[in-house]
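The structure under discussion appears below in the form of structure tokens.
The values are calculated or read from the model by the stated rules, or taken from the named source; none is laboratory data. Since this is a predicted model, take the numbers as computed values, not measurements. Methodologically, a virtual Cβ is constructed for each residue, glycine included, from the backbone with ideal geometry; neighbour enumeration extends over all protein chains shown. Remember, those area values only see protein heavy atoms, side chains included, never the ligands or the DNA or RNA. Shrake-Rupley method; radii C 1.70, N 1.55, O 1.52, S 1.80 Å.
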Amino acid sequence: MKNVAVVGASGAVGERMVRLLEERNFPVSSIKFLASERSAGKSVTFRGETFVIQPITREAFEGVEIVLSSTPSGVSREWSPIAAAAGAVVIDNSSAFRMDADVPLVVPEVNAGDVAWNKGIIANPNCSTIQMVVALKPLHDAVRIRRVVVSTYQSVSGAGMSGIVELEAQTGAGVRNEPIPSPSKFAHPILGNCLPQIDDFLPNGYTKEEMKMVHETQKIMGDPSIDVCPTCVRVPVAYSHSESIMIEAERPISPLEAIALWKKAPGLTVVDDPANKKYPLAADAVGRDDVFVGRIRGDLSNPNALVFWCVSDNLRKGAATNAVQIAEELLKLEPAGAR
């Protein structure tokens, strides 16, 4: 049994962390819910009991063993080291520590063993990266992937509650035939649109979101030689990210071989029956924890290449589920009698 704290408990990901601790029957001895002063005072229900969200303070981490944190990077930079210094292991969902050399970046289906060398903070990867590497891992182990070209179709919930609110407001105005409200979260109206920009642009022409996919994939897979060419797009979908992925490997790989590998791999579900119009859909992935792959086909000009469609709930496997799974991996490190 563990003393747990959820930081950012009132946010879209934080709320799902709370629910997943319940769903997965995580062994909680005591629990605290923390958030910014703006959200402090709100209530959270956990296992039939109502808790008041407390402000984040140094004292709040006393006696806490595991922290699940989903806050902006600046907040994480300030408070995650404080929680770790107090004796907790922090599973941090922000981008603050992902590329720090002494911080593990973990997707349990891919590199669960990296949990063991944590120094008090474990980073939860970016949502778009998580689902992709779950799909890449079985292929990489079999044929060694040399290059990945990925285009993402990312839901507005990836931008937090404000992204959901903005899409809902614009949709409501559209239904009422009213002028579409000016965007505040996104650079342009998201209703009826696809925005080829997620986060700020960098001097190399890629966005921060795209470069996260490059660097995080290489770190998680433990292979800095994997080339990744991403284009990240925001689409007017509430939940679940979709990705079109092309991989180039060291040897030929057929769709049948890939399907056989995926069917044996943890956390993956193959939905690939195009004759009956069955393939992964964003709507079908909502509320589920697996990564779904389909539309599996060979490249028309390169026998070493494979193309497929990949979908996952970005707030669950892309964030909250992955974080709770990391916490479960921490439990496995302890002697059986100590759990």
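The antiparallel fraction among DSSP beta bridges confined to the chain stands at about 45%. With N the number of residues in segment 192-339, Rg(Cα) / (2.2 N^0.38 Å) evaluates to 1.18.
The residues of segment 105-217 expose on average 42 square angstrom of accessible surface per residue, using a 1.4 Å probe on protein heavy atoms. Loop-located trypsin sites (Lys or Arg not before Pro) in segment 130-180 (DSSP state other than H, G, I, E, B) with a sparse environment of at most 12 neighbouring Cβ atoms within 10 Å: R176. Here the accessible area of segment 207-306 is 54 percent carbon and sulfur, with a 1.4 angstrom probe and all protein chains present. Using Cα centres only, tell me the gap between segment 280-339 and segment 13-82 in whole Å. Measuring centre to centre over Cα atoms gives 24 Å.
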